[in-house]
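Below you'll find the structure, written out as structure tokens, and then a few comments.
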Amino acid sequence: MVWDVVVVGAGPAGSAAARACAERGLSTLCIEEHGTIGYPVQCAGLLSASAFAECGVSERSVQNEVSGARMVSGLGGELLFDARVTKAYVVDRGLLDREMARRAADAGAEFLLKTSVSGIQGSSLQTRGVRGREEIPFRLVIAADGPRSSVARMLGLRRSEIYLAGIQAEVPCAVDPRYVELHPNASPDFFGWVIPVSGTQARVGLCAREHAKDHFDRFIGRFGGNSLHLVSGVIPLGIMPQTYGHRALFVGDAAGFAKPTSGGGVYTGIRSAKHAAEVAAACLARGTFDDGSLRDYERRWKEDFGKELDIGMKALRVRQRMTPNEIDRLCRALNDPDLIETIVEHGDMDRPGTLIRKLALKPSLVRAMGILFASGVRQILTG
């Protein structure tokens, strides 16, 4: 059998792609290297309300709902904002991933677990796994195989430019379940977080480019150091130069679609998966699979969220140039009723560009942070 589409990877982006392809009547196979979908966990498990809606699942995986955030510099500056409505969901990623896969299977997609891609020859995937070694013919591949995409490597395509190591532990501690805590000075490259699972348990973690374990050990020490569950993962930052080629479309972390402002990849992963399914259906209807036909995929995702990822990467570079004292000053400057109201009204985990533009127009923030900060914001917005 020649499959219309073979999806590699059964994370949220892969299952979303498999479901969308199957719903369009395409014969779809999803290959997953692990024996259990959703394991091992490699995600903080905090999804914006928009990202959760994109998943198209029930609320069975939801463990907590978050309405705001507290930003803590560690040097005295703090900022709290509360939208008083649900802005994000804390989820059990194993349950979420498995429900997404079930929805894809219900739509007609087939799944093959404990199977990895070992090579690509023409329009056939060479695999090894539970059924031994075999070749799987395809018309198109959707690569959802994560930040170290083996499909990209086998096709000789360049991948993301930056990789952050992430470490997170679930710890018993007293927290306000309404708020996520952000600790920008916990890591020189990114930030630390405290995600409340309940009032007595939280996920404490951070990302860093180097020495992540050392930064993490210092950070978690603030919470007693007890760990109920430890996970680690890799976050790619920077989109691969070309997200299509050789009968393959790259989605989610495989394409480098993680958001530079938060590290989250579910929203952009699922959005890109749906665009990939649209392009796959169009190519199959025409019977054309050349790079020129696949190029429409890149146009679609760029129009959807490409500008936001570009703004996010520029914002990350500005943040990485800031000293701990400058970050503390930013926390103090943002702790202003007018600015907090702006954050609540325009803040969006998935599309931060609007909020950055609104804050850039606030004279009080520019005065508090100085000309170099203002120059950095202009670079974010104008390039």
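Checked against (1) of a type outside the set (Val, Ile, Thr); (2) in a strand (DSSP E or B); (3) under 23 Å from residue 330 (Cβ atoms), residue 169 meets all criteria but (3). The residues on offer are 304, 348, and the sole one that is closer than 27 Å to residue 207 by Cα, in a helix (DSSP H, G or I) and of a type outside the set (Lys, Arg) is 304. Checking the structure you have, find out if any residue of the stretch 52-74 is in contact (Cβ under 8 Å) with a residue 40 or more places away in the chain, in contact with a strand residue (DSSP E or B) (Cβ under 8 Å, 6 or more places away or on another chain) and within 19 Å of residue 301 (Cβ to Cβ). Yes, some residue in the stretch 52-74 is in contact (Cβ under 8 Å) with a residue 40 or more places away in the chain, in contact with a strand residue (DSSP E or B) (Cβ under 8 Å, 6 or more places away or on another chain) and within 19 Å of residue 301 (Cβ to Cβ). Among the residues of the stretch 28-49, which ones are open to solvent by less than 30 Å² (accessible area, probe 1.4 Å) and among the hydroxyl-bearing types (Ser, Thr, Tyr)? 28, 48, listed by residue number. Considering only residues in the stretch 1-55 that are among the polar types (S, T, N, Q) and not in a strand (DSSP E or B), the one that is modelled with the lowest pLDDT turns out to be 42. Only one of the numbered conditions (1) open to solvent by 50 Å² or more (accessible area, probe 1.4 Å); (2) touching a residue at least 24 places away in the same chain (Cβ under 8 Å); (3) of a type outside the set (A, V, I, L, M) is violated by residue 168, and that is (1).
Give the residue that is least open to solvent (accessible area, probe 1.4 Å), with candidates limited to residues of the stretch 287-302 that are out of contact with any strand residue (DSSP E or B) (no Cβ under 8 Å at 6 or more places or on another chain) and in contact (Cβ under 8 Å) with a residue 24 or more places away in the chain. Going through the qualifying residues, I end up with 301. Per the listing 147, 177, the residue uniquely part of a loop (DSSP other than H, G, I, E, B), at pLDDT 95 or above and either open to solvent by 10 Å² or more (accessible area, probe 1.4 Å) or over 24 Å from residue 259 (Cβ atoms) (or both) is 177.
With the condition kept exactly as written, say whether any residue in the stretch 80-87 is within 30 Å of residue 346 (Cβ to Cβ), in contact with a Cys (Cβ under 6 Å, 6 or more places away or on another chain), in contact (Cβ under 8 Å) with a residue 12 or more places away in the chain and open to solvent by 30 Å² or more (accessible area, probe 1.4 Å). Within the stretch 80-87, not a single residue is within 30 Å of residue 346 (Cβ to Cβ), in contact with a Cys (Cβ under 6 Å, 6 or more places away or on another chain), in contact (Cβ under 8 Å) with a residue 12 or more places away in the chain and open to solvent by 30 Å² or more (accessible area, probe 1.4 Å).
The values are calculated or read from the model by the stated rules, or taken from the named source; none is laboratory data. These numbers come from a predicted model, not from an experiment. All Cβ positions, even for glycine, are placed from backbone atoms using ideal geometry, and neighbour counts span all protein chains on display. We work out accessible area using only protein heavy atoms, side chains counted, and drop any ligands, DNA or RNA first. Shrake-Rupley method; radii C 1.70, N 1.55, O 1.52, S 1.80 Å.
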